[in-house]
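The values are calculated or read from the model by the stated rules, or taken from the named source; none is laboratory data. None of the values given here were measured: they were computed from a predicted structure. All Cβ positions, glycine included, derive from the backbone under ideal geometry; neighbour counts span all protein chains shown.
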């Protein structure tokens, strides 16, 4: 039953994200007046197929991808070959329309992540509060007079709305005096001066930095947001994950983040299974984070990915004419080699990681 949970949860997560991505291309193509010949989820041998109107919808055996085949697709047409329906041909549309169609896939993944986060915030979740749960012995907080049950409402006169905001101010203020305004458990208000103690900590990238600590831990509350606030929080969270993903990519090239942290399909299967066993909310959170990663990955300017096509169209806009078929072909061969190499490296990391985990059990 455990193995089945891992397999099914991974297939559901990947399947949904692929559908969202390809649906973005499909809907934008239709909106831009481009005909769609085939909408496929998966690659390889066909499992199911049905033609509705001009489009054939299909599900293929390998669930790790999908594609939308458009009328007049430049990658599918041989140079000089006749186009069945020129008015609906992708390669006959203005550059700005082609850019919108290609960008719609990864953008759909980013918007889908924001939608998932928004739903989670509306449903409610447990989160750390600005109310103090514990005060460490001999800590700056205890020396200043802070106590369990105090709620920190302002720092240096600025209103504090959540624990993340509070923690950021304290961690970035080692050795600096802070004025904390609190609501005490008995309803009274009081101000306390506290100086965060400098301490070394690891960032999410493994870098050692100096941070401030005052020796408190937060209480937790269950909070629901109204629809407007939830959507705002959903987009904010998507933006944060997007920035973090881009920073990880940069840190990998800077060799700050080890390359062996790159994961492939096996890691996705494991994490999806772990989150599914933890509950629907953790699984949805993982799906949202993976959707952001999929969107960012497809925006990278690598031929065969959406970002590579976007680069071709930007060159076309600058030069006033499309990149030659030979140029696209050579670039895509290089891109395909890079992509296959990355997938092989990720798969190697997965196997190495699982062998290491197994040997420690």
Quiz item: For residue 193, which of the numbered conditions (1) part of a strand (DSSP E or B); (2) in the same structural domain as residue 298 (by TED's automatic domain parsing) fails to hold?
Solution: (2)
Practice problem: Would you be able to say whether some residue in region 104-112 is touching a residue at least 24 places away in the same chain (Cβ under 8 Å), assigned to a strand (DSSP E or B) and either buried (at least 22 other Cβ atoms within 10 Å of the Cβ) or in contact with a strand residue (DSSP E or B) (Cβ under 6 Å, 6 or more places away or on another chain) (or both)? | Solution: no
Practice problem: Can you give me the ranges of the helices (runs of 4 or more DSSP H) entirely in region 217-320 with at least 2 residues that are under 26 Å from residue 163 (Cα atoms)? | Solution: 227-253, 265-278, 280-299
Quiz item: When the residues of region 7-34 are filtered to those that are out of contact with any strand residue (DSSP E or B) (no Cβ under 8 Å at 6 or more places or on another chain) and not in a helix (DSSP H, G or I), which remaining residue is surrounded by the fewest Cβ atoms within 10 Å (Cβ to Cβ)?
Solution: 33
Exercise. Among the residues of region 262-284, write down those that are touching a helix residue (DSSP H, G or I) at 6+ places or on another chain (Cβ under 9 Å) and either outside the structural domain of residue 116 (by TED's automatic domain parsing) or farther than 13 Å from residue 10 by Cα (or both).
Key: 262, 263, 281, 282
Quiz item: Among the residues of region 35-59, how many are in a strand (DSSP E or B), over 21 Å from residue 291 (Cα atoms) and touching a strand residue (DSSP E or B) at 6+ places or on another chain (Cβ under 9 Å)?
Solution: 15
Quiz item: Of the residues that sit in region 226-235 and are exposed (fewer than 13 other Cβ atoms within 10 Å of the Cβ) and in contact with a helix residue (DSSP H, G or I) (Cβ under 9 Å, 6 or more places away or on another chain), which one is nearest to residue 294 (Cα to Cα)?
Solution: 227
